Structures are given as C-alpha cells and as structure tokens.
Amino acid sequence: MNKLYLVIPCFNEEEVLGETAKQLKKKMNMLIQSGRISSDSRIVFVNDGSKDGTWTLIEQLHASDALFAGIHLARNRGHQHALLAGLMQVKAHADAVISLDADLQDDIDAIDAFVARHDEGFDIVYGVRRMREKDSWFKRTTAQSFYKLMRLMGAELVYNHADYRLMSRRALEGLAEFGETNLFLRGIVPLIGYPSAVVEYERNERFAGESKYPLKKMLSFALEGITSFSIKPIRMITTLGFLIFAVSLVMLGYFLSLHFAGRTVPGWTTIAISVWAIGGLQLLGIGVIGEYIGKTYLETKARPKFIVERMIGVGSWRDGSGEYADSQLM
Ligand code: UDP
Ligand code: MG
C-alpha cells in the first residue's frame, strides 16, 4: 500500500485554504478507506512566505487532524522553489508524492488515476490539461505559444502539463541530483527518465482569491524556462554574426568595384566597408565568446550525467520499501 503525500505550495492563500483542505481531506480519506493508500499518508502545505494568515490556518489544520502537515519557508521564493522545498522535505517519508496548486484548479479526481498509474509501475505521472477553454483567451494563447517556443528552443516539455504530477520516491531522488539554481521543474522532470504516464484532466477556474501569476511573473517564468534550458539564443547570435560577415564580404567586392569604377564620393567606400565588416565580425566575436560562456553555464549546473534505474547482481536491492543501496546513484 502506498504512502501518498500531497505537496501544495501556498502563497497568500487564506481565502482558499479552508475549502481546499476540506476537499482534499475527503479525497484522501476515501483513498485510505478503499485501501488504495496507507493511513499515514499526508497533505503537506508549503507556506511560501505568505503575508496573510496562511500559516496560522495551516497550523490550525494540523491541530485539527494529523492528516495535515505544514512546511514553513523563511521567505517568499516563488512557486517553483516552494514546490521543490516541499518535495525534497517529504521524499524520505513518502512512496509517492503528488504536487498540486492550492486553488484546486487541477481536478482532484485525477488523483485516483495518478495512484492507479503508480500502482501499475509508473514512476512519474503527468497531469495533462484536456482543454483550456475556461482560461482567458490571453492566458490560453500565451501559454500555447510558450510551449511552442520552448520546443523550438530545445527543451522537451510535456504538452499542456503544468506542475500537477505524481512522482515516486526514486524519481524524487533523481530530481534531488539536479543541482541547478535556475529552477524550471517541468523541464527537469522529463530529464530524470524512468517509466512515465499521462493522465488527462479538466482545469477549472480559481474558486477564490487572485492568481499569483500576473503577466510579469509569467514572462519571467518563460524567460527562466528558456534560458535555463538552452543556449540556443547565444547560438543565434553566432549564426547571425556569421551571416552578416558573409554578406559583408560580398558587399566588400561590390563597394570596391564601385570605388574603382569611380562612381562614389571619396571616403564612402571605407565607411561602408567598415560598417559591414566590423559589424559582422563583432557579432561573430560575441557569438564565439557566448559559445564558451554557454558551455561554462551548462557545466556549472553540474547536472547528473546519468541516473541508474536498475542493477542486477551489484549491491543490494531492498525491495518493497522503495529504498535502494547507496551505490545506485552515481
Ligand atoms: N505560489 C507560491 N508562491 C508564489 C506564487 C504562487 O507558492 O510566489 C503558489 C500559489 O499559492 C498556488 C500555486 O503557486 O498554489 C499556483 O499559483 P496561481 O494559482 O496563482 O497561478 P495560476 O494558476 O494563475 O497560474
Ligand atoms: Mg491557479
């Protein structure tokens, strides 16, 4: 039987927390009663430096029922960091962890399917939004173009998947190996590997409170996603520099022929050549430097080179508990 932990980042969510707790408690108790998850499963709220009464509410919830637990972060670090903090804190205690938002925009009935897929042996189960008609037109189009752009930039994302997902303990151990400070979880999780599955669900509107993701945060999130996953923008500069430099060589021939044919005013040839050749060379130079910075950037991430999924006859494999020998992760 699985010990299931729910991890919920909360930033100024006092308006929604009561109702969220009520609905999640019902869901968890149903799962416990039907024997699908163990009775020491937990609902963990991560208070991401809220300015309102969120933490007090979490404390009250915990006092009322041991099903509820809380993690208090020292300050607001943003959704991704709060989520990671929660996942890392609980990973040693749970067999599987599901992350979801406090506003219950993600249909919690999908949790049943998540658990079922995990029982079938999948380590990572991605919640995928079936449609986005309920979002505003603006949010829908920006989100869709974001996925397209990310794919173009070389980060493989699961389409229409936000951070509603189940991860097994070993998948979380894998995640812990990624030492990056630029956090973009939905780009990192597919890099872990392990068998994964997809569960579709409908996304609802926020039932209370306001979105904590205004346009400014969304843009910086998108930028974080692109820049922490690829050095393609740098490569674009190199390509551009190369092209302009090539054009400048052609132009050079053209300008010189004009010069010798005597069809220019004095001084024009020199200026025209300088602008093109120097401009192209500079861009090319920046691009080359960028290539090296890009390499350094990727190196400083110190990402794990590989995560071993299974070994036969090497070390010990303690079955059932989800624990494995130290030699498993290298
Ligand atoms: N959140 C957080 N820290 C932040 C901003 C948001 O922990 O700095 C949490 C928030 O409480 C919610 C989740 O992240 O549980 C998603 O936020 P929200 O629903 O506002 O985003 P949206 O659904 O509008 O994209
Ligand atoms: Mg929301």
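Every number here is computed from the coordinates shown, using simple stated rules; none is lab data. Fair warning: this is a prediction, and the values are worked out from it, not measured in the lab. Cβ coordinates were reconstructed from backbone atoms using ideal geometry, including for glycine residues, and neighbour counts include every protein chain displayed.
Things worth noting here:
- 20 Å cut-off, amide nitrogen to a point 7 angstrom out along residue 265 Cα→Cβ, residues in region 222-259: 255-259
- For the chain, size of Cβ-based charge dipole, Lys and Arg +1, Asp and Glu -1, in debye: 1080 debye
- Cα shape, region 90-241, gyration tensor, a/c 1.5 rule: oblate
- The helix-only estimate of mean residue ellipticity at 222 nm for the chain, built from DSSP H runs of length n ≥ 4 each weighted as -39500 (n - 2.57), is -16000 deg cm²/dmol after division by the residue total.
- At 1.306 mPa s and 10 °C, Stokes D of region 1-105 from Kirkwood alpha-carbon radius, µm² per second: 117 µm²/s
- Stretching residue 206 away from residue 38 to a fully extended chain increases their span by 57.5 nm, per 0.36 nm per residue minus the current alpha-carbon distance.
- As a length-normalised measure over Cα pairs under 8 Å and 6 or more apart, the relative contact order of the chain settles at 17 percent.
- Amide H within-cut-off set for residue 199, under 5 Å, with H built and near neighbours excluded: 126, 127, 128
- Per-q log10 I(q)/I(0), region 60-141, q = 0.15, 0.17, 0.18 Å⁻¹ (Debye; single scatterer per alpha-carbon; no solvent): -0.78, -0.97, -1.06
- Within-12-Å neighbourhood charge of residue 185 [Cβ basis; K, R +1; D, E -1]: -1
- Listed residues 198, 288, 97, most fluctuating in the chain (Gaussian network, C-alpha, under 10 Å): 288
- Region 210-294: trypsin sites (Lys or Arg not before Pro) in DSSP coil with no more than 15 other Cβ atoms inside 10 Å: 263
- 37 Å tail of the calculated P(r), the chain, as % of Cα pairs: 32 percent
- The label-point distance for residue 66 and residue 249, in a model that sets each label 7 Å from Cα toward Cβ, rounds to 7.6 nm.
- Karplus 3J(HN,Hα) series, Hz, for region 237-244 with 6.51 cos²θ - 1.76 cosθ + 1.60 (x for Gly, Pro): 5, 4, 4, 4, x, 4, 4, 5
- Region 147-243, dipole about Cα centre (Lys/Arg Cβ +1, Asp/Glu Cβ -1), debye to the nearest 20: 200 debye
- Phi-based couplings in Hz for region 226-235 (Karplus 6.51, -1.76, 1.60; Gly and Pro marked x): 5, 6, 8, 10, 8, 10, 4, x, 5, 4
- With the charge dipole of the chain set up from +1 on Lys and Arg Cβ and -1 on Asp and Glu Cβ about the Cα centre, the Cα lying farthest toward the positive end among the listed residues 208, 85, 259 is that of 259.
- Tilt relative to the chain, helix 14-33 - C-alpha long axis, 0 to 90 degrees, to 10: 60 degrees
- Cα long-axis angle, helix 54-64 against the chain (0 to 90 degrees, to the nearest 10): 30 degrees
- Average projection, convex hull of the Cα set of region 255-294: 2.8 square nanometres.
- Ellipsoid semi-axes for region 27-176, based on the Cα gyration tensor and the rule √(5λ), read 26, 21, 16 Å when sorted largest first.
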